[in-house]
Amino acid sequence: MKEGKRMVEPAERFTALYRQHRVDIERYVLRRAPEVDVADVVAEVFTVAWRRFDEFDSEHPLPWLYGVARRMLANELRRRSRVRHLSERVKTSSTESVEDHSPAIAQRIVFQQALNGLRELEREAVLLVAWERLELREAALVAGCGTSAFAMRLHRARRRLRVALSEEESPGRSEDADSAVKPSSVTAQLCESRGALRK
Amino acid sequence: MSRLPNQTRELAGRFDPTLGYQSRTDESTTDAILCRILADAGPSQDKATASATVTQRRISRRVAITGLAAVAVAGVVVYIDGPGPGEQSASAAATPPLLATGAPDMPGSAAAVLGAIIDRTRSLPAGPAKSGYRHFSLDTWALTTRINNQQVTSAVIPEHREVWIAPDGSGREVRHYLTPIFASSAAKQAWQRQGMPGSDTRTDTVTSPSFSLIWPQAAPTDPAALAKWLTRGHPVANGPAETIAAVTDLVKEQVLDPQQRAALLRVISKLPSLTYRGPVNDRAGRPGELFSLDSNYSGLPTRYELIVDKVDGRILGSDEVLPTTPGKLGVKIPAVIDYETYLQADITSSNH
C-alpha cells in the first residue's frame, strides 16, 4: 500500500488542522460574538471537531471547521444569558449619533445597522464571503445548501445591503424600495442577529 | 455569478472587525490546549469503555507525534489521572442530583400522557387580559458557568434571576447567587480555598434599553404554526433537541395562556423519540411529569428533560443530563450539567 493521506494518523491530521486554522476560527468567533471568551469557545470548537473527526471533510477543511464553529457558537450563546451580548452591543451602536464620529466610524455604524437589517441567512452569507473570504462553493457547504441557492441568497443579500447603505447615506433616495430595509425594521430584526448566532 | 464574491467583498470586506487582528495566544498555550483536546476521546473511540491504560498509551503516542512542550505533557498527566467513566473521585465536579422519577401514575406513551395534559390545559379559562411587564422568575445552574471568571467545580451554586420586559422591549434583570451546595466537607474547604466564589450577597441589576427577543410577537395557538414559529433561531437541521431548546427559550420570553401552552405541548408531543419517564418533583418541590429526549447533537450523548405540570400544562423546568459519557467535563455520570427551574411567569404592573 502506498504512503498517502489515509496512512496519516488522525491525531497528526487534526494537529495540522489546528495549527493551520486556529486563528481563522478565532476570527470567526470574534466577528460574531466578540464578548464571549474567545479562547474558551475556540477550544470547544476544536474539541467538538476532534470528537467528530470521523466526519472530517478533508477536501474542504476550513468550511468543515466553520460548520462546527457555527454550531458550537450557537450552543455557547444559548447557554449564556438571553439578554445583552451581540444584539445589545449592536443596538447600542445603532443608537449612536453618526455625526459624533469620524467618517470611518460613522461608516462602520451605518454598515452595522444595514447588516443587522438583513435576514439572518442573508447576513451569514455576506459574512462568509466578505469576511471569511470563502468562495461560493465553500460558503454553500457551511450554509448547508447548494451553490446556486447560496449564490441567489448572496445576490439578494448584497442588493439589500447596498440599498440599505445608500438609503442611510442619502435619506429619501432608494433604488429598490421593496427590498430596502426600513429603519424601523432594524431594531425589530436585531433579535435575528442573535438567532443567526444560534445556528 | 463569478463576480459576486468580489463585489460582496468590495462592499463589506473593509468593515471586517478583525482586519489586522493578531492572536494573543502564545504558542505554548496553544500547544497545551491542543494536548488537552487530543486527550479527550476522539473519533471512533468507545468513550464509555476506554480504560485509563489505553488512554495513557494513546495520549503518550499523541504527545510523541505532536512534540509538545513539557508543560503541556504535565497538563495531560493531570487530566488522565482524573476520574474515569463511572468512577467516583474527589476531583469530580459537583453537580446537582438527578431528578428522581416515581412510578408513572399516568401510564402510556409520551404522546398519550401529554395528550391528557393538553386536553386539561385547553379547558382552562384564559384569565383577564393584562398589560404591563412580562415578569419571569427562575433558578438556573450550569456546569460551565463561571463566577468571577473562575469555574467552580467544588460546589453547585445556582443563580436566581428576575426579569421584567416592558411592552417596548426595554427591560430589567436582577440576579444573585443562591446558597452553595457541597457534596462533602472537603469540597467546601476546596471552595473556601478558591476564595468562596458566589458567596457575596450582592445583587446584580442589568437594565437594558432593549432586550433581544427571539419572538417579539405572541406565540400562535395553532400547533403547526407554532412548530414553524419555534424554528426561528432554532434550525430544524439540529434535530429535535433544538425544539427543546426553543421551548426553554420561549418560556423565558412569553407568558403563555392555556391555549398557547396546549399548542406548545402538542408540538412537544410530536417530537420523535420523546419518552415519558414518570412523575417527579422539580427542584422547587413542585409535582410534575418528566419527559426526555436523547441527542448527540452537542458532541456528547445528552438527555434533554422537560418537567410539565399536569394540572395546567406549564413547563416547570428543564435539565440536561449526560447519561453515559462524561467527555472531558470531569463529572461522574450520569450527571446533570445544566438546569433551569421556571418559578413564575406573569404580567406585572411594575418592574420591581
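Sequence-ordered 3J(HN,Hα) estimates for segment B:333-341 from the Karplus curve with 6.51, -1.76 and 1.60 and θ = phi - 60° stand at 8, x, 9, 6, 10, 6, 8, 9, 10 Hz, glycine and proline given as x.
Centroid-to-centroid, using Cα positions, segment B:225-279 and segment B:293-315 are 10 Å apart.
In this structure the amide hydrogen of residue B:343, modeled in the peptide plane, comes within under 5 Å of the amide hydrogens of B:137, B:138, B:139, none closer than 5 places in sequence on its chain. Computed from backbone phi, the HN-Hα couplings of segment A:15-31 come to 4, 5, 4, 4, 5, 6, 10, 4, 5, 4, 6, 4, 5, 4, 5, 4, 5 Hz, rounded to whole numbers (Karplus: 6.51 cos²θ - 1.76 cosθ + 1.60, θ = phi - 60°; Gly and Pro given as x). A simple rule links phi to the HN-Hα coupling: the Karplus curve 6.51 cos²θ - 1.76 cosθ + 1.60 with θ = phi - 60°, which for segment B:19-35 gives 4, x, 5, 10, 5, 8, 8, 7, 5, 5, 5, 5, 5, 5, 5, 4, 4 Hz, with x for Gly and Pro.
In the structure displayed, which of B:228/B:252; B:252/B:328; B:228/B:270; B:252/B:332 lie more than 23 Å apart, Cα to Cα? Kindly include the intermediate steps, with their values, before the conclusion.
Working: B:228/B:252 19 Å; B:252/B:328 30 Å; B:228/B:270 13 Å; B:252/B:332 30 Å.
Correct reply: B:252/B:328; B:252/B:332.
Close amide H contacts of residue B:277 (hydrogens built in the peptide plane, cut-off under 5 Å, sequence separation of 5 or more or a different chain): B:290, B:291, B:292.
Put in line by how crowded their Cβ is, counting other Cβ atoms within 10 Å and starting with the fewest, A:145, B:35 read A:145, B:35. Under a 5 Å amide H cut-off, with hydrogens placed 1.01 Å from N, residue B:298 pairs with nothing among residues at least 5 apart or on other chains.
Throughout, read-outs are computed from the coordinates displayed, never taken from laboratory work. This is a predicted model, so every value here is computed, not measured. Note: ideal-geometry Cβ built from the backbone for every residue, glycine included; neighbour counts use all protein chains shown.
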